[in-house]
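None of the figures in this text is laboratory data; all of them are computed from the coordinates on show. This structure is a prediction, so every number in the text was calculated from the model and none was measured. Reconstructed Cβ throughout: ideal geometry from the backbone, glycine too, with neighbour counts over all protein chains shown.
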Amino acid sequence: MTVDTTTERVTINFPGRNRRAIFTPSRIVIESEDGTRIAARDDPETSFVGHQRETPWDDIHVVYFAGEALWTYLNTPLLYTRDGFATQEISPIEVDGETWRRLQVTFPDDVRSHTRS
């Protein structure tokens, strides 16, 4: 897996399967290692409209979710210093006798994520 730290882009390689998937918020591409396109979808987020818990996902749905989630997770906490992110320390919690500080982060509209905060 290759995660770009400046642009929302993830490339996932599938060793032994002659396949890779490329996530960007505006387009998902699944291709062979030589670049032959297997599947693609523009504006992939819209393909989730109307989905229910029981709605099956295709490979592009999986790549979209994995890409936007992993890009976010692997770029934390540097991501939160970018323009447009709002951060605020909120009340701490007690866990097993330890006090844990907490940070609430709200994402800007231009960064795809399965949650805004």
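Table for the structure above
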{"quantity": "Cβ-derived FRET efficiency at R0 30 Å, Arg116 paired with Ser32, nearest 0.05", "calculated": "0.25"}
{"quantity": "Within a Gaussian network of the chain (alpha carbon springs, distance under 10 Å), most fluctuating of Trp57, Trp71, Trp100", "calculated": "Trp100"}
{"quantity": "The chain: relative contact order in percent, alpha carbon pairs under 8 Å with at least 6 residues between", "calculated": "18"}
{"quantity": "Among 78-89, 17-28, the order from most to least packed when residues are scored by Cβ within 10 Å on average", "calculated": "17-28, 78-89"}
{"quantity": "Cα radius of gyration and Dmax for the chain (Å)", "calculated": "17.1, 55"}
{"quantity": "Dipole of region 2-82, positive end: most advanced residue of Val49, Ala39, Asn13 [Cβ charges, Cα centre]", "calculated": "Asn13"}
{"quantity": "Residues of region 19-36 with amide N under 16 Å of a point placed 7 Å along Cα→Cβ from Thr46", "calculated": "25-28"}
{"quantity": "Computed magnitude of the charge dipole of region 2-82 (debye, nearest 20; Cβ of K, R +1, Cβ of D, E -1)", "calculated": "140"}
{"quantity": "Centroid-to-centroid separation of region 83-117 and region 8-36 [C-alpha atoms, Å]", "calculated": "31"}
{"quantity": "Rounded if a/c under 1.5, otherwise prolate or oblate - region 62-109, Cα gyration tensor axes", "calculated": "oblate"}
